[in-house]
Every structure is written in C-alpha cells, then in structure tokens.
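Asks: Below you'll find the structure I mean.
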Amino acid sequence: MFQGSRHESLYHRAQENARLVALGAQVAEEEHAAALRESLSATLFRLEGPLNVMASVIARLQSREPDMAKALQSALQEGRAHLEDLRQLIAQSHQEAISPVNLNEALRDVLNVCTPRLLASGITLHWQPAAILPSVLGRPIELRALFKALVDNAIDALSTRGWKTREIRLATRAETGVLVSIEDTGPGIPAGLEIKVFEPFFTTHARRTGHLGTGLSRAQQVVTEHGGLLDLLPAPGGGCRVLVELPTRNAA
Amino acid sequence: MNTASMKAEFRANAPHGLHLLHLDALYGISQVLSRSLDYHETIQEVLRILDESAELGRGLISVLEPDGSLLVQSVHGVDTARLEQPVRYQSGEGVLGFVMEKNRTVILRRVQDERRFSNKTGVYDPDLPFIAAPIKVAGNLQGVLAVQPQSRDETFLEDRAHFLEMIANLIGQSLRLSLQVEQEKRSILEERDLLRRAVRHQHGFDSIVGRSGAMLRIFEQVRLVAKWNTTVLIRGETGTGKELIANAIHYNSPRARGALVKLNCAALPENLLESELFGHERGAFTGALCSRKGRFEQADGGTLFLDEIGEISPAFQAKLLRVLQEGEFERVGGSRSIKADVRIITATNRNLEAAVDDGDFREDLFYRLNVMPLNLPPLRERLEDIPDICHHLLLKIGDAQKRKLSLTDAALCRLARYDWPGNVRELENCLERAAVLSENGQIDEESIRFRGRERAPAHPPAPAHPPTEDNAAHSNTDTTFERDRVIAALEQTGWVQAKAARLLNMTSRQIAYRIQTLKIDLKQL
C-alpha cells in the first residue's frame, strides 16, 4: 500500500519532470523562432522607408526624365517583390493553435524553467498568484515564451556585479482582464530610454553577448496580438515593473 | 569652595546656553518643516540640524510598518541604501523596540551600560548617552526618533530629552501628512493607470472595424509602424477614419503612456497655427501675457497628430521641415531652441503629389512625410465591411441612446448601394439620424435617408423618401461632384457651416449659397 503510493508519486514526479524538460525545449525553440521572426520583420520594415521615399521621387521624376524613372521603377518593383516574398515567408511560419490558458499555470512553468538562473544569481522570488484566475484565450507556448522573456529581463537587470538587493515580485490579479505584474529591484530603466527600449534591435547588452534585442518589441507584439496591453513602469523601490493585461475569455 | 561646587556653579548658568542652542535648532527645523512636502528630504535636513546646531548626533528615524515592525528609514551620516539589508526592530526588541512597546521616551546615560541596546546600525559610540523618543500621530505611535548627544555630560539629559520630544511631535505632523500624501498619490496613480488602460482599450484596434483585405493590410502596417518612431502619413478621403488610425498607432506604441496631442492644421489661421504648435514667449505679440507651451512641447514623449497637413502655407512648411530634420524649434518670440521627443503622425485627404506639382507643397517636406504612407481605402471600395461597421456603430449609438438598435436586411442592402462620399463618418451620421427616427430601435429601409445621390437601385426606391430624387444634381456630374464635396465637408465638421466653409476655402456666405442651390438638406439638430 505504502510502497504503491510511493511508486505512484515517483512516477508522477518523473512524468512532471519530463513535461518540464519538453516544455523548456519548446519554449526555447519558440523564443529562437520569435527572435528570428522579429528581426526579419523589423528589417523588412526598415527597408520599406527608403523604398517609399524612392517611390515618391520616381513619381516626381516621371515628368522630367521618363527613361530614368522607368529604369528606377523596375528596379524598385523588383526590390519590393523580394521583400514581399520574405513577408509571406514570415507570415506562414507561425501557426500555434489558440486555446484557453491559465496564466498561473503558465507562470509556474516559466518559473520552473527559470529556477536554475534565479538560484545562480541569488535572487529572491516572491510569487503571489491570484487564488482564482479566469483563463485567457491565447497561444500557450507563445505566452510562456513571452513571460519567460520578461522574467529573463528582470534577472538580467539584477545580475549586475555587486548589486545588493536581488528580488523579483511576480503576481497575478483578476481585474477587468487578467493582470500580470513582474517587478524587480534592479537599477530600473535609464531616463530617456523608456521608449527606446521597445524598439527592435535595442539592447543594453554588448553586441557580442548574442542578445538580438528583440525581447521587449516582441513582447509588445505578442501582447497586442492577444488583445492585451503591456506597460513598463518604474517600480516603487526604484526598479522596473512590467504590467501585462490580457483580456479574459468572456471579454474576448 | 571646592572644584565640584565650582562645576555646579558653572552648570547652573549653562541651561541658558543650552536653551539658546535648542531655540536655534528649533528655528531651523521649523523652517525646514514648512518648506517642502518631500518627506525624505525634510527628514534628512532635520537630522542634519539636530547634529549641527543641537549637539545631537547620529539622529535616527524609524517608521512603523504595516506588519507592526519598526523600519529604520534614515540615520544621519549613514547612507541607509548601502546597508546590507533594511534594519528592522520588532516590538520590545532593542531600545527602539522598547520605546515602541512602552510608547514613552527612554534615556540611556551610557550606551554600553544598557544590555538591551543592540546597535544594529553599528554607528553608536558605547561611551556616549542615547535618547529615543516616540513619534506620535493622534496619540498613536508611528515611529521613533533617536539621537546620541555628543558629550558625556549627563547633567542636561532631561532637558535634551524634553527637546527631542518636542522635535518628535513636530515631525509627527509632517510624517502624518507625508504618509497621507504618499497614499493618495499611490491611489491616484493606480486610478490613472486604470483609466489609461481603459483609454488604450477604447482606442486600440477594437474601434476599427473591417475584415476586407485592404483593411487587414492596414492593421498589419499599423502594428509594425507603432514600434518605431517613424513619421507616418495617413492618406484617405474624408471620413475614412484617419484619426482612428492615428489613435491606434499611438495607443499600441510604447508612447501610449505619453500624450496624444491633436491639431487640425486647417482649423487655424497661419499665425495662430505657429504659436499653437510651437508655443510663444511672454510679450511675443499683443495679448501674449505669459509664455505658453505649444503642442509640440505638450507632446514630448508622446505623439503629435497633425490633421489636414496639406493645408499649411509654404512659410509654415519650411518651419515644419526644420523641426522634422533637426528635432528642434523655437517658441514664437523666443530665441532658445527647444528639443522635444515627439513622434509625428500627419494626415491629409489632399493629393499631395498634385500639390507638389502645382508648387503648393514643398517637395522636400513631401519626401520627409511620405516615408511611411498608410492609404486608407474609401468605404465604397470595401462595401463588404459595411455589415460589420453598421453592427459596431449601432452598438455605439445604442450605448449613447441606452437602447438596443438593429438594422433590417433591406436597410442594409440599401446602405450597400450608396456611394458614401463622406465614408464611415457619413455612415455613422446616417445611422444616427435613422436611429433617432426609429421608435422601436429597428432601423428599416424607410428611415434611411442619404444626402448624396444613390447608385441605381435594383428596384425603385419607395416613394416615401423622395428628397434625393427630384434633385437637379442627377443630370450634371459637375454639380454632383460639388454636392458630394460640400456634403463631405459638412459631415466632417458636424454640419457647422462656417467650419466646412474653411475646409473648402469658401466664405460662409458662399457655402450657404451652395447649400441652397444644391438643395442639401440641413441636419436638424
């Protein structure tokens, strides 16, 4: 009897571990793909501006130098066609099914995946989930990757050498939608960069560390696609506070 | 007389000196307390004065936390932020805890003689005395103020303790106020964030309806453009929702926490436009009694939406170009250059290319603005969206009228046959009028009336609504065009003739004449 239940619990634990490992891999894959997607679409967008200017110049040139305008026009068209191909490619690559997601569960998974890093950096975590949390409609892996990126950001902020108070507060709350707050006691965002940090390719890390700098811009997009809002606020203690609000199933 | 009595003699006169010292410190502290509401700054100053003027060093302030412990907030001469971790005392723990428990002043003649003294901050000299007084607010203990007199002389400890109690009482008031202010500030901030989120929901994509391919492409562009600080040019006919798109870009961008400032360039004469946009200094012109921030400065950290950008004069175009290129401008009548971090969204229904050809619009400015054009399709090119838009608008109008509104299929068919020169705005006005006419909330074919001409219907319209039928406009396309133009302008300005006249570059007399000759029904308000 005792033996049996012990076996059972061991079995459950092994199963849970396997699930977490698989999940970690899935999330890592999603993160990688998302970063790639984000940098591609950001590059596409950045190329579009100069092309648009060229297009308006060509339109003006048409009356003065028709031949030149024609040559430029075909070059422009070719360039645009290439960009369009790339755009189609990005749009196709992403198809995760939408299903109800309990954010408390998703966040607990994220914390499990992040635990080694939290321990290594000596960070105290305060996890305050709401007792009852309505589920939201969304893409489960994408949402987990979103929160993992936000928690990773908080860990990065606290991992400055010699930083004393290392705490992260993670809380969920049911309001008009579901509110997730991630608060760190790090140095906060330097004044003047509050808007800049959302721009694709912006990073506070040196380039060689391999950070693409697509984290926050990607996060903002995932939240927007889920019909929610993302807010970056100064935390009361001087650190940084990220608020994510996602609509609940009934509201959506 | 022996030496002991001589000392006593000397001290008998000393209280006067000590009182003068205290009075001086008290004066300084009263000044500090009346100066600012910033509690932390105030406290630092008070502790400094205690040290410098009253010989009471190492002043320490601890405050009662919600969990019932005392948190050391500041110690004079010690940077509390650099302590390993926050210093706390439970009730009854150490001397501070003892003061909290008993709610009365404690005097130690020598720190090292008191076993209770825990010296958690590690800054107190064991050879010197120590005084701790409760800070009370309305009789309840809210904190403890403690100091270490900087001499071993024990004679006036009672006087000093009395003085310290006085200071603790004074601080109590300031502490109470600061706690109150902080709490109110927090609740206001929370409410502000809540309202801000509500506004962002309202102005996000939810308020733009459409499933047609053209609109989906627009959504995609808006989403992308929102991430960057690029200047955006929104183009589209009047009433296609250029302002909604500007809202969506702003509220889906990281600048959503900043302000979205709007300005209709056609609504103001040129000289006013300049001072409105860039602000003015005092005395810049008659009536400029004080300096004023312009819209550019108001939008710092946010977005500036310039509607009807095609209507600005060449002189003003030059000024705008400079701002776009250098990100700097001067107030009217000022010489100081002002920098503002602003994303600019412009909109126009004019054909800017033609305006450039005619020399009305600067070529270089056009290129700058046209970096990211968003072309909104007119309603007649996305008729398939009409049912969704109607549904959305009826919910909105029904909300205002506090009843449920619906549309019959026949009415919907009729709506889909119209050309909509005034686009979605005209559709909204049309539905609003129809809803007012409808008694039971059901909008049928009969209650829909158009101001422009209707496309050839599949079956003849019911004779009950002939206003568009016996219209001279039918035969002549020029007049029809004119009529559409006037109606569109009127729709845009909420049927205020004077404003519409300005949009069309007419005098109000001219527009009144056209309304009469073109037989346009005036909206009955």
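Each reported figure results from applying straightforward, stated rules to the coordinates on display, with no laboratory input. Keep in mind that this is a model prediction, so the values were computed, not measured. In this analysis, Cβ positions are derived from the backbone assuming ideal geometry, glycine residues included, and neighbour counts consider all displayed protein chains.
Asks: In Å, what is the Rg of the alpha-carbon atoms in the protein assembly as shown, and how long is Dmax?
Replies: Computed over the Cα atoms of the protein assembly as shown, radius of gyration and Dmax are 35.0, 130 Å.
Asks: Of the candidates A:Gly122, A:Gly238, A:Gly79, which one comes out as most mobile in a Gaussian network treatment of chain A with C-alpha springs shorter than 10 Å?
Replies: Looking only at A:Gly122, A:Gly238, A:Gly79, the largest GNM fluctuation is found for A:Gly79.
Asks: Same structure, new question: Of A:Ile90, A:Gln62, A:Ala25, whose Cα points farthest to the positive end of the dipole of region A:1-95 (charges on the beta-carbon: +1 Lys, Arg; -1 Asp, Glu; origin at the Cα centre)?
Replies: About the Cα centre, the residue reaching furthest to the positive side is A:Gln62.
Asks: Let me ask another. Antiparallel versus total DSSP beta bridges in the protein assembly as shown: what percent is that, nearest 5?
Replies: 70
Asks: For B:Lys262, list long-range residues whose amide hydrogen, built 1.01 Å from N in the peptide plane, is under 5 Å from its own amide hydrogen.
Replies: B:Phe305
Asks: Can I ask one more? Counting only other chains, what is the mean number of Cβ atoms within 10 angstrom of the Cβ of each residue in peptide A:125-131?
Replies: 0
Asks: If you bin the C-alpha pair distances of region B:204-375 every 10 Å from 0, what whole percents do you get?
Replies: 10, 38, 35, 15, 2, 0
Asks: Calculate the mean, over all residues of peptide A:42-55, of how many other protein chain Cβ atoms lie within 10 angstrom of the residue's Cβ.
Replies: 3
Asks: Further question: Mind putting a number on the dipole of region A:1-95 about its Cα centre? Charges go on the C-beta only, +1 for Lys and Arg and -1 for Asp and Glu, and I need it in Debye to the nearest 20.
Replies: 120
Asks: In terms of the ratio Rg/(2.2 N^0.38 Å) built on C-alpha atoms, what value belongs to region A:41-161?
Replies: 1.77
Asks: In peptide A:214-225, how many Cβ atoms from other protein chains are near each Cβ within 10 Å, on average?
Replies: Counting Cβ atoms of other protein chains within 10 Å of each residue's Cβ and averaging gives 2.
Asks: Let me ask another. Among the aspartates and glutamates, which fall within straight-line cross-link reach of B:Lys319, defined as a Cα-Cα distance under 13 Å, with same-chain neighbours fewer than 8 residues apart omitted?
Replies: Filter leaves B:Glu270, B:Glu274, B:Glu328, B:Glu330, B:Asp364.
Asks: Quick check on packing: order B:20-32, A:135-147, A:170-182 by the mean number of other C-beta atoms within 10 Å, highest mean leading.
Replies: A:135-147, A:170-182, B:20-32
Asks: Show which lysines lie in cross-link reach of B:Lys519 when reach means a straight Cα distance below 27 angstrom and same-chain residues fewer than eight apart are skipped.
Replies: Within the straight-line limit of under 27 Å, B:Lys519 reaches these lysines: B:Lys499.
Asks: While we're here: Just need the relative contact order of region B:117-194 here, percent rounded to a whole number, with Cα pairs under 8 Å and 6+ apart.
Replies: 28
Asks: For A:Lys164, give me every one of the aspartates and glutamates with a C-alpha distance below 19 angstrom, ignoring sequence neighbours fewer than eight places off in its own chain.
Replies: A:Lys164 reaches A:Asp152, A:Asp156, A:Glu183, A:Asp184, B:Asp79, B:Glu84.
Asks: In addition: Sequence-distant or interchain residues sharing an amide H contact under 5 Å with B:Gly57, placed H: which?
Replies: The list, which skips near neighbours in sequence, is B:Gln148, B:Gln150.
Asks: Here's something else I'd like to know. Relative to the Cα centre, what is the charge dipole magnitude of the protein assembly as shown, using +1 at the beta carbon of each Lys and Arg, -1 at the beta carbon of each Asp and Glu, and rounding to the nearest 20 debye?
Replies: The dipole of the protein assembly as shown has a size of about 360 debye.
Asks: OK, next. If you take every DSSP beta bridge fully contained in chain B, what fraction is antiparallel? Give it as a percent rounded to 5.
Replies: 60
Asks: Which cross-chain or sequence-distant (5 or more) residues have an amide H under 5 Å from the amide H of B:Ala288, H modelled 1.01 Å from N in plane?
Replies: For B:Ala288, the qualifying residues are B:Gly283.
Asks: Here is a follow-up. Expected output is a single nm value to one decimal: the length gained when fully extending between B:Glu114 and B:Arg196, i.e. 0.36 nm times separation in residues minus the C-alpha distance. What is it?
Replies: 24.0 nm
Asks: Looking at region B:204-375, what % of its DSSP beta bridges pair antiparallel, to the nearest 5?
Replies: For region B:204-375, the DSSP antiparallel bridge percentage is about 20.
Asks: With a length cut of 20 Å (Cα positions projected on each helix's long axis) and a Kyte-Doolittle mean of at least 1.6, go through chain A and give me the DSSP H helices that pass.
Replies: none
Asks: Once you have the alpha carbon radius of gyration of region B:320-462, what is it after dividing by 2.2 N^0.38 Å, with N set to its residue count?
Replies: That works out to 1.52 for region B:320-462.
Asks: Could you tell me which of rounded, prolate or oblate describes region B:333-376, using a ≥ b ≥ c as the square roots of the eigenvalues of the alpha-carbon gyration tensor, with rounded for a/c under 1.5 and, failing that, prolate when a/b is larger than b/c and oblate otherwise?
Replies: Verdict is oblate for region B:333-376.
Asks: Beyond a 28 Å Cα-Cα separation, which of these cross-linked pairs lie in this structure: B:Lys227/B:Lys339; B:Lys227/B:Lys404; A:Lys70/B:Lys227?
Replies: From the list (B:Lys227/B:Lys339; B:Lys227/B:Lys404; A:Lys70/B:Lys227), the Cα-Cα distance tops 28 Å for B:Lys227/B:Lys404; A:Lys70/B:Lys227.
Asks: If each DSSP helix of 4+ residues adds -39,500 (n - 2.57) and the sum is divided by the residues in chain A, what number results at 222 nm, nearest 500 deg cm²/dmol?
Replies: About -19500 deg cm²/dmol.
Asks: Another question about this same structure. As I understand it, the dipole of chain B uses +1 on the Cβ of Lys and Arg and -1 on the Cβ of Asp and Glu, about the Cα centre. Which of B:Tyr513, B:Ala248, B:Gly279 lies farthest toward its positive end?
Replies: Of the options given, the answer is B:Tyr513.
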